[in-house]
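*Asks:* This is the structure I have questions about; it appears just below.
The values are calculated or read from the model by the stated rules, or taken from the named source; none is laboratory data. Only a predicted model underlies this, so the values are computations on that prediction, with no experimental measurement involved. As a convention, Cβ positions derive from the backbone with ideal geometry for all residues, glycine included, and neighbour counts pool all protein chains shown. For the accessible areas, the whole protein counts, side chains as well, though only heavy atoms, and no ligand, DNA or RNA atoms are used. Shrake-Rupley method; radii C 1.70, N 1.55, O 1.52, S 1.80 Å.
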Amino acid sequence: FERLEADHDLRSIFSSMKGVAFAGQPMGQVLARKVRDEWGLEVFKYTSAGDTGTAWEHREHDGYTLWEDTVFPECLEPDSNTAVAEGEVGELVATDIDNLAAPLIRYRSGDLIRLSKEPAPSGRTHARMWVVGRKGEETVVAGRAVVVSDVWAAVEELPELSDGMFQIIRHSPRMEKLRLRVGYAPERTNDLAALELRLASHLDSRLQVPCELELVTVDDLLSRTSSVAKFPRMVKK
């Protein structure tokens, strides 16, 4: 759709739509603002409820609502069965309530979330969760913890990189340098060497860890994955 912007009025094309659903992978804040403010679409994101179903945003766009008549959610410490305090980060552990054939019982999803039982502003009373990331995705770089969402927020702030396409190249959970492969938009990039310098400086300021960068086009980066639904943000070397 972004490639059609120069020749088509997307706001007009989408004018008959009240909203759209989005899932498959996280949506960066830059793209979310574009879809909302420039294309005129209200986006309702949804995510997995620990493989027992889905959890959806509502009009307040503040967390994903879990349907507690179909799933019993728990938020536990990642390495134990101890519940974390409400609002603290823990692992989503889900139990099927409505699956009579092959229910998942206390299924450890690997999703790190914050969970709240407080009613939403809309009045919905089912539990809401906020997804923080995936268990095991944290990388300690030169003694400092870095997660995918930190990198994403920093990368997409540069106009040439606002697609938010990048991969962390990780050979170990602990590294001396953060190795990143970042996709840039050629049509928005005049000087690749200057972009690399700006990105290095920006990442140093935001993440405060040493980085080793590889810049490739967005199309090149996308061609390196076989998945049609999910782009891997972390790859092994």
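*Asks:* Take the residues in the stretch 206-218 that are open to solvent by less than 30 Å² (accessible area, probe 1.4 Å) and in a helix (DSSP H, G or I); name whichever of them is farthest from D191 (Cα to Cα).
*Replies:* For the stretch 206-218, the residue satisfying everything is L207.
*Asks:* If I go through the stretch 73-92 residue by residue, how many of them are in contact with a Gly (Cβ under 8 Å, 6 or more places away or on another chain) and not in a strand (DSSP E or B)?
*Replies:* Result for the stretch 73-92: 3.
*Asks:* Let me ask you something else. Taking the criterion of being surrounded by fewer than 13 Cβ atoms within 10 Å (Cβ to Cβ), farther than 30 Å from E157 by Cβ, modelled with pLDDT under 95 and in contact with a Ser or Thr (Cβ under 6 Å, 6 or more places away or on another chain), would at least one residue in the stretch 87-102 satisfy it?
*Replies:* Yes, that holds for at least one residue.
*Asks:* Could you please tell me which pairs satisfy a Cβ distance under 6 Å, a separation of 6+ or placement on different chains, a first residue in the stretch 88-110 that is closer than 18 Å to M129 by Cα and polar (S, T, N, Q), and a second residue that is open to solvent by 50 Å² or more (accessible area, probe 1.4 Å) and part of a strand (DSSP E or B)?
*Replies:* Close Cβ pairs (under 6 Å, with a partner that is open to solvent by 50 Å² or more (accessible area, probe 1.4 Å) and part of a strand (DSSP E or B)) amount to T95/F72.
*Asks:* Under 6 Å by Cβ, and 6 or more places apart or on different chains, what pairs join a residue from the stretch 1-25 that is surrounded by 13 or more Cβ atoms within 10 Å (Cβ to Cβ) with one that is outside any loop (DSSP other than H, G, I, E, B)?
*Replies:* Taking only residues 6 or more apart or on different chains, the pairs are V20/V43; F22/V43; F22/K45; A23/Y46.
Residues are listed down the side, and each one gets a yes or a no for (1) of a type outside the set (G, A, S); (2) modelled with pLDDT under 90:
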site: L180; (1), (2): yes, no
site: G183; (1), (2): no, no
site: E196; (1), (2): yes, no
site: S205; (1), (2): no, no
site: P210; (1), (2): yes, no
site: L222; (1), (2): yes, yes
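*Asks:* Looking at the stretch 146-162 only, could you name the residues that are assigned to a helix (DSSP H, G or I), among the acidic types (D, E) and open to solvent by less than 50 Å² (accessible area, probe 1.4 Å)?
*Replies:* Within the stretch 146-162, E160 is the sole residue that qualifies.
*Asks:* Among the candidates L199, L195, L221, L180, single out the residue that is in contact with a helix residue (DSSP H, G or I) (Cβ under 6 Å, 6 or more places away or on another chain), of a type in the set (A, V, I, L, M) and either in contact (Cβ under 8 Å) with a residue 12 or more places away in the chain or assigned to a helix (DSSP H, G or I) (or both).
*Replies:* Sole residue among the options that is in contact with a helix residue (DSSP H, G or I) (Cβ under 6 Å, 6 or more places away or on another chain), of a type in the set (A, V, I, L, M) and either in contact (Cβ under 8 Å) with a residue 12 or more places away in the chain or assigned to a helix (DSSP H, G or I) (or both): L195.
*Asks:* Would you point out the residue of the stretch 111-141, among those that are within 15 Å of E88 (Cβ to Cβ), in contact (Cβ under 8 Å) with a residue 24 or more places away in the chain and small (G, A, S), that is most open to solvent (accessible area, probe 1.4 Å)?
*Replies:* S116
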